[in-house]
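For reference, the structure discussed in these notes is given below.
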Amino acid sequence: MMWSLWRCSSMTGSSAFTNVRVFKCFRQFVKNYNISARMPEAIAFQGVSDHSGLHKFSVNESETFWGALASQRLSWISPFNTVQNCNFSQGKIKWFEGGKLNVSVNCLDRHVHTCPERVALIWERDEPGTEVKFTYRELLELTCRLGNLLKRLGVRRGDCVTLYMPSCPLAVASMLACARIGAVHNVVFAGFSAEALADRIRDTQSSTVITVNQGVRGGKVIDLKRTVDQAVQNCPSVQQVLVAMRTENSVAMTDRDVPLEEEMMKEDVVCEPVTMDSEDVLFLLYTSGSTGKPKGLVHTQAGYLLYAAVTHRYVFSYQDGDVFGCMADIGWITGHSYGVYGPLCNGGTTVLFESTPVYPDPGRYWETVQRLGISQFYGAPTAIRLLLKYGDEWVQKYDRSCLKTLGSVGEPINREAWEWYHRVVGGGRCPVIDTWWQTETGGICIAPRPSDPDAEIIPGMAMRPFYGIKPALLDAKGEVLHAHDSTGALCISMAWPGMARTIHNDHQRFIETYFQPYPGYFFTGDGAYCSKEGYYQIVGRLDDVINVSGHRLGTAELEDVVVCTIKCVYVFVVLKKGVEVQEDVLAQQLREMVSRNIAKYASPDYIQVVGRLPKTRSGKIMRRVLRKVVERKTDDLGDLSTLDDSEATIILFP
Ligand code: ATP
Ligand code: MG
């Protein structure tokens with residue numbers, strides 16, 4: 001029953017795509033690029049080495065481009081009528097209206113149909129060497145049992161379920177189970193405090209929370225259920241808490257708590273997928289909060305899934321058989337798009353990393369690469385900077401010949417970290433792919449190699465817009481900077497399928513934040529430089545850009561040289577492990593370096609050596625906190641709910 005429903009979709013070649021003009025254009029496109037329309041995998045990209053030609057097509061003929069991809073890459077229950085219906089001034093973003101599909105079927109059933117025993121997930125547990133693999137068949141069974149359990153507990157289409165779980169197969173199955181029954185998931189990073197969790201549960205009015213008894217990370221046991229207990233005390237909407245057992249330690253259970261595994265095993269392994277509209281909500285995700293009150297961004301079904309899948313395949317050159325190692329926790333958008341939805345939609349094998357880069361020692365990542373045979377490693381600059389401080393031996397101990405591509409995301413990657421990643425980790429042989437994107441964009445928007453495997457990559461640059469992405473740089477007056485070799489506010493001038501649809505319960509804030517600052521454009525909040533060749537480099541958040549003697553300085557540029565800043569330049573230096581220097585000598589050297597490499601006016605006024613910096617839970621430096629501390633406004637530090645360790649600020653500034 002289940003199969004027949006899904007086999008009649010576009011996988012068999014029937015087209016969901018009826019617009020005649022669009023079709024004609026598509027045929028021409030296929031002809032131009034000598035691509036066989038019958039080869040679903042080949043449609044837009046294979047055999048095309050010219051990124052700029054294909055990029056031009058994707059923005060000039062955006063409907064054709066995305067319509068063809070949606071038709072070919074996704075399994076539809078019924079076809080969509082329109083490709084896009086977007087209006088930036090109203091904050092209206094709609095893709096593939098009229099289309100019906102189920103995201104969990106796209107991520108599971110269709111692969112179970114063709115390759116049931118292919119490994120879908122490798123759960124890289126905290127203790128090295130204890131990984132657990134799940135095939136597509138097993139993951140579908142788990143998802144169906146969970147879906148049935150959620151239904152039995154009264155969860156209905158459109159209800160929001162909050163997940164407070166570490167990266168693990170049950171978390172992925174919970175996300176997909178929500179998708180299967182039409183519920184909306186809201187994953188809250190399992191490192192957030194009870195207060196931050198309660199805020200997010202209240203904002204979403206979730207009646208169901210899924211958690212684990214305890215988390216295990218870096219050899220430490222974390223009482224997650226206890227945090228949930230504290231949080232739900234102040235959340236009257238919560239009627240039930242499903243508790244999975246990550247460790248064998250029993251935890252206090254109340255009438256509200258449901259033992260997840262026990263109840264799940266009573267359920268059937270078949271769960272009929274619900275038919276969803278393209279624009280029904282798939283999930284909510286709160287941004288990490290580097291810049292103020294977290295926003296609950298809303299992503300919908302078809303456009304998000306398509307964009308995650310297509311970027312996953314082309315930005316990383318993901319091939320069947322590769323093992324994709326995204327180190328981000330599922331609590332972040334990176335974990336959603338490149339730990340779960342992108343790879344699973346593509347029928348790939350994805351790693352769920354439960355540990356830390358330094359557990360049990362700083363060789364953990366590379367030992368994992370060797371043991372699991374990771375082909376694409378996707379990490380964050382904060383981790384790379386941390387690891388390079390420990391030295392090359394920790395990398396060189398392990399065989400990394402399985403690596404093909406090294407990805408970076410979350411912050412600008414400074415030159416030193418880029419070089420080290422490339423030279424030491426990749427042995428000079430793997431391209432370093434610096435990917436720029438946001439929770440709001442759903443997937444990668446700027447990255448070096450969306451197609452051509454030999455395309456030039458300049459260290460520290462995100463380089464080229466992805467297909468269908470048309471960036472624009474605007475100056476402070478809102479004028480578009482037409483000439484290359486300029487720096488401005490990074491905006492995107494046309495809609496793409498992966499973009500967020502609204503802010504939960506606050507559409508006005510959505511419009512004000514993203515569409516009003518530069519009418520006609522989506523405003524990212526970041527600044528970028530565009531080189532003469534048309535390559536992009538992210539210069540940091542615009543609220544981090546500082547004005548020194550009338551010159552606008554991006555923090556990324558300065559950090560590249562001194563490897564943080566505030567209206568005068570105030571540099572915080574964290575020294576490599578074991579390094580001892582005289583502060584005045586260091587200060588002198590740094591001033592000379594900045595004067596030489598950027599300009600005299602940029603030379604730091606203050607330099608302070610510190611033990612650590614305040615960071616968000618996702619590892620990004622919270623510069624707004626640094627700024628307040630320097631300005632001695634410590635009683636007005638703003639929303640700190642996402643700060644990883646409030647102690648850091650105290651250690652920094654006793
Ligand atoms: P909030 O919006 O609540 O302040 P956040 O911006 O940290 O939180 P995310 O959506 O996870 O939340 O992060 C997106 C931001 O991360 C981008 O806007 C950009 O500032 C930064 N970023 C991501 N990737 C890169 C990159 N490759 N280079 C430079 N900056 C990046
Ligand atoms: Mg942001």
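Which residue, chosen from 420, 461, 62, occupies the Cα position most advanced towards the positive end of the dipole of the chain, where the dipole is computed from +1 (Lys, Arg) and -1 (Asp, Glu) charges on Cβ about the Cα centre?
Of the candidates, 62 comes out farthest on the positive side.
State, as an integer percentage, the relative contact order of region 379-472 based on alpha-carbon contacts under 8 Å between residues 6 or more apart.
24
If you take the C-alpha gyration tensor of the chain, multiply each eigenvalue by 5 and take the square root, what semi-axes do you get, largest first, in whole Å?
Taking √(5λ) for each Cα gyration eigenvalue gives 37, 31, 24 Å.
With unit charges on the beta carbon (Lys/Arg positive, Asp/Glu negative), name the residue among 260, 298, 77 whose Cα is farthest towards the positive pole of the charge dipole of the chain.
About the Cα centre, the residue reaching furthest to the positive side is 77.
Can you tally the net charge around residue 533? Count Lys and Arg as +1, Asp and Glu as -1, for every other residue whose Cβ sits under 11 Å from the Cβ of residue 533.
0
Going by the alpha-carbon gyration tensor, a ≥ b ≥ c the square roots of its eigenvalues, is region 78-201 rounded (a/c under 1.5) or, if a/c is not under 1.5, prolate (a/b greater than b/c) versus oblate?
Oblate is the answer for region 78-201, as a/c is 1.5 or above yet b/c matches or exceeds a/b.
Using a cut-off of 15 Å between beta-carbons, work out the net charge of the residues near residue 214 (Lys and Arg +1, Asp and Glu -1, residue 214 not included).
Around residue 214, the charge tally is -2.
Restricting to the chain, compute how many DSSP beta bridges are antiparallel as a %, nearest 5.
Antiparallel bridges make up about 55 percent of those DSSP assigns within the chain.
Which of the three applies to region 384-520, rounded, prolate or oblate, going by the alpha-carbon gyration tensor with a ≥ b ≥ c and a/c under 1.5 meaning rounded?
Prolate is the answer for region 384-520, as a/c is 1.5 or above and a/b outweighs b/c.
If Lys and Arg each add +1 and Asp and Glu each add -1, what is the summed charge of the other residues whose beta carbon sits under 9 Å from the beta carbon of residue 97?
Residues near residue 97 contribute -1 overall.
Take each of the peptides 145-155, 397-407, average the number of other beta-carbon atoms within 10 Å over its residues, and list them starting from the highest.
145-155, 397-407
Lysines within cross-link reach of residue 389: Cα-Cα under 17 Å, excluding same-chain residues under 8 positions apart?
397, 576, 577
What is the fewest-to-most order of 577, 615, 56 by other Cβ atoms lying within 10 Å of their Cβ?
Final ranking by Cβ density, sparse to dense: 577, 56, 615.
Show which aspartates and glutamates lie in cross-link reach of residue 477 when reach means a straight Cα distance below 14 angstrom and same-chain residues fewer than eight apart are skipped.
Once the sequence-local aspartates and glutamates are set aside, nothing remains near residue 477.
Quick one: if you stick a label point 7 Å off each Cα along the C-beta vector at residue 268 and residue 477, how many nm between them?
It works out to 6.8 nm between the two label points.
Taking the Cβ of each residue in 333, 469, 77 as the centre, tally the other Cβ atoms inside 10 Å and list the residues starting with the fewest.
Listed from fewest to most nearby Cβ atoms, that is 77, 469, 333.
Tell me, 127, 117 in order of fewest to most beta-carbon neighbours within 10 Å?
117, 127
What does the highest-first list of 434-442, 334-342, 254-262 look like by mean Cβ count within 10 Å?
Taking the mean over residues of other Cβ atoms within 10 Å, the ranking is 334-342, 434-442, 254-262.
Do the alpha carbons of any pairs in 293/620; 404/470; 225/620; 293/628 sit beyond 19 Å of each other, and which pairs?
Going by Cα-Cα distance, 404/470; 225/620 fall outside the 19 Å limit.
In straight Cα distance, which aspartates and glutamates are under 19 Å from residue 92, not counting same-chain residues fewer than 8 positions off?
Partners found: 63, 277, 279, 280, 440, 506, 512.
Given Cβ point charges of +1 (Lys, Arg) and -1 (Asp, Glu) and nothing else, what value in debye, to the nearest 20, does the dipole of region 270-424 about its Cα centre take?
Its charge dipole is roughly 460 debye.
Every number here is computed from the coordinates shown, using simple stated rules; none is lab data. Computed from a prediction, not measured in an experiment: that's the story for all the values here. Quick reminder, even Gly has a Cβ in these numbers, built from the backbone with ideal geometry, and neighbours come from all protein chains shown.
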